[in-house]
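Everything on this sheet refers to the single structure shown next.
The values are calculated or read from the model by the stated rules, or taken from the named source; none is laboratory data. These numbers come from a predicted model, not from an experiment. Virtual Cβ from ideal backbone geometry, glycine too; neighbours counted across all protein chains shown.
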Amino acid sequence: MRLRTLSGIKLSNLLLGGWSGLVLLYLYLPILLLIAYSFNDSRMSVVWEGFTFQWYRQLYAELAAHLGDERRSPLIESLSNSVIIASITTALSVALGTAGAWLLHRYRFPALRSLTTLIFIPMIIPEIIMGISLLIFFKTVEVELGFTTVVISHVTFCFPFVLIAVQARLAGLDPALEEAAMDLGATPLKAFFLVMVPYLLPAIVAGALMSFTLSMDELIVTYFTTGPRSQTLPIKVFGMAKLGLNPTLNTISTVFIVTTAMLVVVAESLKGTARRLPGGG
C-alpha cells in the first residue's frame, strides 16, 4: 500500500513538473527565438541565413552618432524620449504617491473612501478609455500634445502603484518611531524625512521601479497623448512592426532583456549579501 502511495506521488510530481515545464517553454520560447534572431544575418527576421553581430554594431553606431549629435536616429531618438519621460514620470509618481499614502494614513476625513476609490480607478480602467479620455481633456483645455501631455498621462496611472506600495508599508508602521523622533527635538517635517522616509524606502523603491517599467512599456495611452516630437520607443516599434519585421527591433529588445536579467541578478545578490550580514533577515 505504501509503495502504491509513493508511486502515485512520484507520478503526480512527474506530471506536474512536466506541465510546469511546458508552461515555462510556452512563455520563454518566443523570447529565446527573439534573442536568437537578433544574430540573424538576414534582414527578414523569419528566415535564418547565418550568424552575425552586424545589427549590434549598427545599433551601437546609431547610439554613438546620436550621442555625438552627428545623425539623429529615429529609433534612438524614441528610446531617449522613453527614458526621459519614464524618469520624469517616476520622480513625480514617487512624490505624489508617497505624499498621498502618508496623508491617507495620517488623516481621517469624511470623503476618504471616495478619494481612495478615485485614486485607484486609473489602475483598473481600460487603457483605451483612459487614452481617449485624456485626449479629449487635453483638447478641451487646449494643451498641445507633446512631452507634457505624455508625462501627465503616465503619472495618472503610475502614481497609484507607488501609493499602494507605500500604504502597505505604512500598515506595519510603529507610531512610536515618529513620536520618539519628535520627543528628541525633531520637527514634524524633520521626523518625516529623517525617520519615515528611510523606513518607507523599500516601498518607495519598489513603487519607483514599477512606475519606470510601466512608463517605458506603455503604448495605448501614449498613442493618444503623444505629439510628433515626443514619440516613445513602444510607439516607434509599433509603427515599424506594421511595415515589416526589422532586425534592429530584435537587437534592441535583446539588449533590454539582458539588461533586465542582469539587474535582477544584481538585486538578488545584494539581497543575499544583506541576509548574510550581522543582523540581516
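Could you say which residue among Thr90, Thr116 is at pLDDT 90 or above, polar (S, T, N, Q) and either over 23 Å from the mean Cα position of the chain (by Cα) or within 30 Å of Leu170 (Cβ to Cβ) (or both)? Before you say what the answer is, go through the steps one by one.
On the way: Thr116 fails: at pLDDT 90 or above.
Selected residue: Thr90, the only one of Thr90, Thr116 that is at pLDDT 90 or above, polar (S, T, N, Q) and either over 23 Å from the mean Cα position of the chain (by Cα) or within 30 Å of Leu170 (Cβ to Cβ) (or both).
Going by what's in this entry, would Thr273 be described as of a type outside the set (Lys, Arg) and modelled with pLDDT of 75 or more? Steps first, answer last, please.
On the way: of a type outside the set (Lys, Arg): yes; modelled with pLDDT of 75 or more: no.
So Thr273 does not fit the description; no.
Within region 212-251, take every residue that is part of a helix (DSSP H, G or I), at pLDDT 85 or above and among the β-branched types (Val, Ile, Thr) and give me the one that is nearest to Phe138 (Cα to Cα).
Out of the qualifying residues, it is Thr225.
Under 7 Å by Cβ, and 6 or more places apart or on different chains, what pairs join a residue from region 177-206 that is without any contact (Cβ under 8 Å) to a residue 40 or more places away in the chain with one that is among the hydroxyl-bearing types (Ser, Thr, Tyr)?
Close Cβ pairs satisfying both conditions: Leu177/Tyr199.
Restricting attention to region 133-154, which residues are in a loop (DSSP other than H, G, I, E, B), aliphatic (A, V, I, L, M) and free of Cβ contacts under 8 Å to residues at least 24 places away in the same chain?
Looking only at region 133-154, we keep the residues that are in a loop (DSSP other than H, G, I, E, B), and these are 141-146.
Of the ones still in play, those that are also aliphatic (A, V, I, L, M) are 141, 143, 145.
If the condition is that a residue be in a loop (DSSP other than H, G, I, E, B), aliphatic (A, V, I, L, M) and free of Cβ contacts under 8 Å to residues at least 24 places away in the same chain, then Val141, Val143 are the ones that fit.
On the given criteria, is Pro228 free of Cβ contacts under 8 Å to residues at least 24 places away in the same chain and under 18 Å from Leu75 (Cβ atoms)? Quick ask: steps written out before the conclusion?
On the way: free of Cβ contacts under 8 Å to residues at least 24 places away in the same chain: yes; under 18 Å from Leu75 (Cβ atoms): yes.
Judged against the criteria, Pro228 is a match.
Can you tell me which condition Met123 does not meet? The list is (1) over 20 Å from the mean Cα position of the chain (by Cα); (2) in contact (Cβ under 8 Å) with a residue 12 or more places away in the chain, and all the others hold.
(1)
Against the definition (within 18 Å of the chain's Cα centre (by Cα), part of a helix (DSSP H, G or I) and surrounded by fewer than 18 Cβ atoms within 10 Å (Cβ to Cβ)), how does Met182 come out, yes or no? Give the derivation first.
On the way: within 18 Å of the chain's Cα centre (by Cα): no; part of a helix (DSSP H, G or I): yes; surrounded by fewer than 18 Cβ atoms within 10 Å (Cβ to Cβ): yes.
Spelling it out, it is not the case that Met182 is within 18 Å of the chain's Cα centre (by Cα), part of a helix (DSSP H, G or I) and surrounded by fewer than 18 Cβ atoms within 10 Å (Cβ to Cβ).
Among the residues of region 173-206, which ones are over 25 Å from Phe161 (Cα atoms) and either touching a His at 6+ places or on another chain (Cβ under 9 Å) or of a type in the set (Ser, Thr, Tyr) (or both)?
Thr187
For every residue, the table says whether it meets (1) charged (D, E, K, R); (2) modelled with pLDDT of 90 or more.
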| position | (1), (2) |
| --- | --- |
| Ile121 | no, no |
| Phe138 | no, yes |
| Val150 | no, yes |
| Cys158 | no, yes |
| Ala165 | no, no |
| Arg169 | yes, no |
| Ala180 | no, no |
| Gly185 | no, no |
